[in-house]
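Written below as structure tokens is the structure these notes are about.
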């Protein structure tokens with residue numbers, strides 16, 4: 001942790017690296033405004049404002065580079081996915097019904113989505129319970145490769 005602890009939440013780890021990256025983004029946005037206004041103020045082929053344009057651009061690039069390196073090294077590197085939790089989240093997603101819409105039809109897909117919301121059951125579970133598709137068909141239609149359009 002870069003800055004652990006909190007005066008009101010014991011054990012909290014403050015997200016200072018992402019906050020700094022946001023601050024750099026705000027600085028870059030401000031520099032973009034400076035660059036735009038300075039470029040607009042130039043007359044004909046002469047621009048007396050080139051120094052502020054170059055300075056703002058250079059500062060933005062160097063600060064973004066440093067922010068990205070810090071974010072990668074001290075925040076992103078080492079993050080791993082909890083694949084079991086992700087699988088459960090996907091299986092319980094009402095959004096899965098969208099992938100089944102072409103096979104089930106809009107009205108049936110809507111009814112399944114509403115029942116899933118009302119009962120807390122998964123879309124796949126309800127489709128199987130109602131005998132709308134076989135387990136093999138569901139596996140094919142809801143495969144991550146197909147849903148991510150990677151099966152082409």
In degrees, nearest ten, helix 16-41 long axis to first principal axis of the chain (Cα): 60 degrees
Cα-based shape type of region 83-147, given that a ≥ b ≥ c are square roots of the gyration tensor eigenvalues and the cut on a/c is 1.5: oblate
Of (i) 22, 18, 17; (ii) 32, 15, 12; (iii) 50, 25, 15, the label for semi-axes √(5λ) of the Cα gyration tensor in Å derived from the coordinates: (iii)
Rel. contact order, % - alpha carbon contacts under 8 angstrom, at least six apart, the chain: 14 percent
Tensor-based shape of region 32-117 (alpha-carbon gyration tensor, a/c under 1.5 rounded, otherwise prolate or oblate): oblate
Residues 37, 9, sorted so that the one with the fewest Cβ neighbours within 10 Å comes first: 9, 37
Rounded to 10°, Cα long-axis angle of helix 106-119 versus longest principal axis of the chain: 90 degrees
Shape of region 16-76, Cα gyration tensor, a/c cut at 1.5: prolate
Ranking of 87, 146 by count of other Cβ atoms within 10 Å, fewest first: 87, 146
Ranked list, fewest to most other Cβ atoms within 10 Å of each Cβ, for 88, 96: 88, 96
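Since every read-out is calculated from the coordinates, none of them should be taken as a lab result. Quantities reported herein were computed from a predicted structural model and do not represent experimental measurements. Methodologically, a virtual Cβ is constructed for each residue, glycine included, from the backbone with ideal geometry; neighbour enumeration extends over all protein chains shown.
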